[in-house]
Structures are given as C-alpha cells and as structure tokens.
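Inspection log for the structure reproduced underneath, given as structure tokens.
The values are calculated or read from the model by the stated rules, or taken from the named source; none is laboratory data. Keep in mind it's a predicted model, so treat the numbers as computed, not measured. Cβ placement follows ideal geometry from the backbone for every residue including glycine, while neighbour counts extend to all protein chains displayed. Keep in mind that these areas ignore ligands, DNA and RNA; they rest on the heavy atoms of the full protein, side chains included. Shrake-Rupley method; radii C 1.70, N 1.55, O 1.52, S 1.80 Å.
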Amino acid sequence: MNWDIDTAAAVLLEAERQRQDRGPLTDEWPELDLGTAYRVQKRLIEKKVEAGEKVVGVKLGLTSRAKQERMGITSPLTAVLTDGYVLEADVPIPLAELIHPRVEPEIVFVMGKRLEGPGVTAATALDAVESVHAGLEIIDSRYVDFKFTLPDVVADNASSARFLVGGKALSPKNLDLALEACVLTANGTVVATATGAAVQGHPAEALALAANALAARGEAIEAGQLVLTGGLTDAVFVHAGDQIGAEFTSLGSVFVTAA
Ligand code: 0L1
Ligand code: MG
C-alpha cells in the first residue's frame, strides 16, 4: 500500500465500521510520526463530519499513570469527540458494533468559555469551565490487542468508541477535583479506585495541556464543548450483560450495561 494521510484515515475508519482490528499502521508505514498522525486523526474526523457527524468536544488520553503503564506510552494525547460517539443514558453499549470494548471512568468538563493556548494554566483553564460531571468512556482500539505506538493511537482518534456523561452538573468553584474520589465497579465489584489527582495531578492540568497542545496545531476548545480529561484508572473489558459503574464522591454515579 502507498500510505498517505487520506489512505490511513480511510483504512482506520473502515476498520471501525467493519469491526475489523488490524496491525499497527507504523508496521507498514514507519514514517508515520506524531505530526503526521494528528493530520490522519484530523482527516478521519473530517470524514465522519462529511458523513453527517458533528464535533462536540475534545478528549485527552493517557493522562494517568495507570493508563500509561497499561499502554506502555508515557505521553498524553488529544483526540476529537463527535456526536457519533455519544451514548445516551440507559442505552446499552452496542457490543455488536464494536471490536473489543473496554470502559474507563472519566472526569468531564463542559466549557463555559472558549479556551485557547498557548500559555493556559490550570487556573485559567478551570475558569473557562461551566460544569463538571462524572463520565464513562468506552474505548475500542482498531488495533489488535490494543497494541500500538503513540502515532498509531493518535491516528486512531485515541481508540474513541462511545462515551456517556452523568446528569449531575457541579460548578468547579466549590470542588477539589484532585481529591475527588472514584470507584470503578464491574457487576457490583470494585475493580479500581483513583482520585482526580491521577489525571496529571489535577484534571484542570489536563485541560490546560489540551488547550496548549491544540494551540500548537492552530485549534482551540470552544464554549459549549465537552472535554473528557482521560481515564482515571485502567479500563476494564466489557462483555454481554456486564454493568460497569463509575461512582464519585461529589459528582455522582454513572452506570452502563453491555448488550
Ligand atoms: O482516557 C484515556 O486514557 C484513553 C486512552 C486511549 C488509548 C487507549 O487506552 O486505547
Ligand atoms: Mg478516556
């Protein structure tokens, strides 16, 4: 194959649509560097938008040590959320549409103001946040066994598949998000715990990181957009009939089942 940005985006999109995992792009296209991978990700999102989806926000990935250790990658990354990834409350994870989904707990921001780097700090980032929510992200790498390099996973829009956001909305002003505790449960059993500090020391640090990284590519986080700040814990595999929950001290609980 003669690899270029458009071909790589089309191959990854087809893998997602056909539920067909594949080897890392970098095995066949070793020249795929990080800058090129973000251009593949951008093209992949353009293709989703051309097919009718709308961009609704941004997500960070690999912001916690638990996730970095699991994936063997130490750099956080950003990806794009579209409405095609939204899982409405009480709708089960559609296993028939996914390859090998895993679920992870997230702290989610809804932006009140536009946030544009460079030079964004955690304090200025938090000032732009309208509300904070509990969330769950369903990830589904298009690569066999979730095995990838950083450029591979960036090109694959950070394994994005579905996400849901809890209905409880809190102002960030009265919260200490570093101390916000989260328990991840699978069928009622605790499988992992963390506090918000797991996400870059504070989820607002992750938000600032995203704004500054996007600025380097000429982009910003818009008012009204959602930001998933990254899995607090490792992600758990999910099978038919499972119920996964993210239970937070202040942000409330979010549950999802798989069907
Ligand atoms: O929130 C996250 O850390 C998502 C990382 C995406 C990469 C993956 O774990 O497949
Ligand atoms: Mg995530």
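Computed values, structure above
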{"quantity": "Residue check, residue 187 more than 18 Å from residue 104 (Cα to Cα), away from ligand 1 (no atom under 15 Å from the Cβ) and either open to solvent by 20 Å² or more (accessible area, probe 1.4 Å) or in contact (Cβ under 8 Å) with a residue 24 or more places away in the chain (or both)", "calculated": "no"}
{"quantity": "Matching residues, the stretch 227-252, being among the hydrophobic types (A, V, I, L, M, F, W, C) and under 20 Å from residue 38 (Cβ atoms)", "calculated": "227, 228"}
{"quantity": "Where a residue in the stretch 234-255 is over 19 Å from residue 199 (Cβ atoms) and its partner, wherever it lies, is at pLDDT 95 or above and acidic (Asp, Glu), with Cβ under 9 Å and at least six apart", "calculated": "255/247"}
{"quantity": "Residues (open to solvent by 30 Å² or more (accessible area, probe 1.4 Å) and within 16 Å of ligand 2 (Cβ to nearest atom)) located in the stretch 163-184", "calculated": "165"}
{"quantity": "Hits in the stretch 70-89 - residues which are within 11 Å of ligand 1 (Cβ to nearest atom) and either part of a loop (DSSP other than H, G, I, E, B) or not β-branched (Val, Ile, Thr) (or both)", "calculated": "70, 71, 72, 73, 76, 77, 79"}
{"quantity": "Failed criterion for residue 148 (all others in (1) more than 12 Å from ligand 1 (Cβ to nearest atom); (2) out of contact with any strand residue (DSSP E or B) (no Cβ under 6 Å at 6 or more places or on another chain); (3) open to solvent by 20 Å² or more (accessible area, probe 1.4 Å) hold)", "calculated": "(1)"}
{"quantity": "Residue in the stretch 59-67 that is surrounded by 15 or more Cβ atoms within 10 Å (Cβ to Cβ), more than 12 Å from ligand 1 (Cβ to nearest atom) and modelled with pLDDT of 95 or more present", "calculated": "no"}
{"quantity": "Subset of the stretch 103-144 [among the aliphatic types (A, V, I, L, M) and within 11 Å of ligand 2 (Cβ to nearest atom)]", "calculated": "103, 107, 108, 136, 138, 139"}
{"quantity": "Considering residues of the stretch 90-125 that are of a type in the set (D, E, K, R) and assigned to a loop (DSSP other than H, G, I, E, B) only, the residue surrounded by the most Cβ atoms within 10 Å (Cβ to Cβ)", "calculated": "116"}
{"quantity": "Subset of the stretch 5-34 (residues that are of a type in the set (Asp, Glu), open to solvent by less than 70 Å² (accessible area, probe 1.4 Å) and either in contact with a Leu (Cβ under 8 Å, 6 or more places away or on another chain) or free of Cβ contacts under 8 Å to residues at least 40 places away in the same chain (or both))", "calculated": "6"}
{"quantity": "Hits in the stretch 218-241 - residues which are polar (S, T, N, Q), more than 13 Å from residue 208 (Cα to Cα) and within 12 Å of ligand 2 (Cβ to nearest atom)", "calculated": "233"}
{"quantity": "Which numbered condition residue 239 misses (of (1) under 30 Å from residue 13 (Cα atoms); (2) part of a strand (DSSP E or B); (3) open to solvent by 60 Å² or more (accessible area, probe 1.4 Å))", "calculated": "(2)"}
{"quantity": "Selection count, the stretch 151-162, where residues are open to solvent by 20 Å² or more (accessible area, probe 1.4 Å) and within 15 Å of ligand 2 (Cβ to nearest atom)", "calculated": "1"}
{"quantity": "Residue list for the stretch 175-234, filter: in a loop (DSSP other than H, G, I, E, B) and of a type in the set (D, E, K, R)", "calculated": "176, 180, 217, 219, 222, 234"}
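Results for (1) within 16 Å of ligand 2 (Cβ to nearest atom); (2) aliphatic (A, V, I, L, M), shown as yes or no for each residue.
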{"site": "9", "(1), (2)": "no, yes"}
{"site": "12", "(1), (2)": "no, yes"}
{"site": "20", "(1), (2)": "no, no"}
{"site": "23", "(1), (2)": "no, no"}
{"site": "35", "(1), (2)": "no, no"}
{"site": "72", "(1), (2)": "no, no"}
{"site": "80", "(1), (2)": "yes, yes"}
